[in-house]
Amino acid sequence: MAGSDEPVTRPPRPSPPLVQGRDGRIVAGALALGGIGLLIGGAFAGLIAEGARDFGGAVAALDPYLARVVWFTLWQATLSTVLSVAPAILVARALSRHPAFPGRALILRLFALPLAIPAIVAALGMLALLGRAGLLATPLSALAGGAAWPGIYGLSGILVAHVFFNLPLATRLFLEALDTLPADQWRLASQLGMGAGSTFRLVEWPAIRTAIPGVAGLVFMLCITSFTIVLTLGGGPAATTLEVAIYQALRFDFDPARAVTFTALQIALTGVVVLALTRLGASTAIDVNLPVAPRKFVVVGAAEAAANAAIIVAALVFVAAPMAATLIAGLGADLGRLAGEAAVRQAAATSIALAVLSALLSVALALSLAAARRAASGARSPAGRFFESAAGTGAGFVLVVPPIVIGAGWFVLLRHTDLLFAVAPVMVVTVNAVMAMPFVIRAIRPAYDAAGERNDRLCAQLGIAGWNRARLIDWPALRRPVATGLAFAMALSLGDLGVIALFGSDSVQTLPYLLLARMGSYRTEDAAGLALLLGLLCLALVFAADRFGGTRAA
């Protein structure tokens, strides 16, 4: 017992045992960061070397054509953002005002499907619906006074496809913001007898207004890095973005110096947008699940209910129609013949094998970074704090460098060697793994941190570490999040066209690459059948991710 003149002090809290000595998780995280740095650094090295080799050609690319491409890139992204975000506010509010009605959960699940559908499949769906020979071509021609429907190639097609992808995403993000409002605010609004207008102005709008910059910034970033949509629906030089210009410069014009200039501008654009998103506090990872909606004390009149129903139905039709068109067009193809083609079977096997390897690598990288961040937390040295920050932000950094940019850098680095097309599988696996990592970390890191909070001290006291801890303590808590991340990463890799568009060849083809080739040769029925097969594969994986994740949309 302390004497009267002895101050009673709490003993100093010991440093976390995880940062003492050599920790395998620190080593794994360092290796993961090194691998990501090598992938991106190699791309930069290729771009810098090519720019230095042909500096005059790189400077010559700063011409009026480049100005038009940059302008169109920004213009289509701005229009797509406005057309996606503004209606999403109305749809999210309508869903929020009706937290429980038959089919609500199904609608939210449908709104998650555009995240799972590959961009090239969605593009085929748009053409099957709104193309010159689409399902709606005849009615639209009649509305146009009998003139032939020109289709949706060009800016209109790009905008419709971008809204198809981003309207559901923005709706879900706004709905999540509205669902974070305390139940007391809804109760108070109900007790005060606030109408729909007052409730929107005083309760809902402050939450929506706070979320708008982050949501709009995220949608804008997705639109300026859109490659497949613009490649398939752009329709010509008048509707070309920087990423498509990079692809054309390398695969068609064989002008690497020009591609280097385009790539530098693309990196600058994405860097500015990601920096703005960081300043706004927006999350760059997209979650496929929504939290359960809280109970709300909302009284909705008949007129407002009818208006909300019309808004929800209109959004539902807009999202479901291209999917239905893809299904109808795909079923009209000779699926039996396609399944029997050696090229299709080989492309499917290649896609699945590369997707599995990419997903496994993505999960390994995400686990390594999550573990290293946890192990380094509480470090007092500047180096330890820097490492903790790097492990925490390593996944987000890759968003600054789109897949087509990494592919372009390695393409120009390897173009003078015999490895250019031989390394195609390696490039597809590594780039897709790194690009899927932000999504995988979103699924894994919360569960890993929660398990660490529960078990770190007990494991340190009992001397449980290394493989024994991973097998006996961590794995039961991480099994479902890992399965979620694995399935979602496989779906993203299966539908990717960015890297394989540069490195693909007759000997290395994936389903998206083969689909693009069939479209280019005007074999539209085959393309529709392949799109249906690819879409069903990706949807099955995302449904598995949702099931493993154990979170249900409300």
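Can you give me the Kirkwood hydrodynamic radius for the range 321-444, using every pair of distinct Cα atoms, in Å to one decimal?
Numbers: mean 1/r = 0.0567 Å⁻¹.
In the range 321-444 this quantity evaluates to 17.6 Å.
Derived from the Cα gyration tensor, the three semi-axes of the equivalent ellipsoid of the range 35-90 are 34, 21, 4 Å, largest first. Summary of the geometry: the range 118-171 and the range 499-514, compared by the centres of their Cα atoms, lie 26 Å apart. Global dimensions of the range 178-263 from alpha-carbon coordinates: Rg and Dmax equal 22.9, 69 Å. Assuming 1.306 mPa s and 10 °C, estimate D for the range 170-210 with Stokes-Einstein, Rh taken as the Kirkwood radius over Cα pairs, in µm²/s. The calculation lands on 151 µm²/s. Model label sites at ARG209 and ALA49, defined 7 Å from Cα along the beta-carbon direction, differ in position by 5.4 nm.
With only alpha-carbon atoms in the gyration tensor, what are the semi-axes of the equivalent ellipsoid for the range 440-513, in Å, largest first? Before the final figure, lay out the partial values.
Values: eigenvalues 298, 30, 16 Å².
Here the semi-axes work out to 39, 12, 9 Å.
Taking packing as the residue-averaged number of other Cβ atoms within 10 angstrom, the listed peptides 112-122, 128-138 run from highest to lowest as 112-122, 128-138. Derived from the Cα gyration tensor, the three semi-axes of the equivalent ellipsoid of the range 68-170 are 27, 19, 14 Å, largest first.
For the chain, the membrane-span-like helices by this rule, meaning whole DSSP H stretches whose C-alpha atoms cover at least 24 Å of axis and whose Kyte-Doolittle mean is 0.5 or above, are 24-53, 64-97, 155-179, 205-224, 256-280, 302-331, 342-376, 424-462, 475-494, 524-549; this says nothing about an actual membrane. Taking each residue as 0.36 nm, the span from ALA148 to ARG68 lengthens on full extension beyond its C-alpha to C-alpha distance by 25.9 nm. Spread over its residues, the convex hull of the C-alpha atoms of the range 413-460 is 116 Å³ per residue. Normalised radius of gyration (Cα atoms, divided by 2.2 N^0.38 Å) for the range 105-235: 1.38.
In the range 331-381, the inverse of the mean reciprocal separation of distinct Cα atoms equals 14.3 Å; this is its Kirkwood hydrodynamic radius.
Just so you know, all these numbers are worked out from the coordinates, no wet-lab data involved. Since the model is a prediction, treat every value here as computed from it, not as a measurement. Methodologically, a virtual Cβ is constructed for each residue, glycine included, from the backbone with ideal geometry; neighbour enumeration extends over all protein chains shown.
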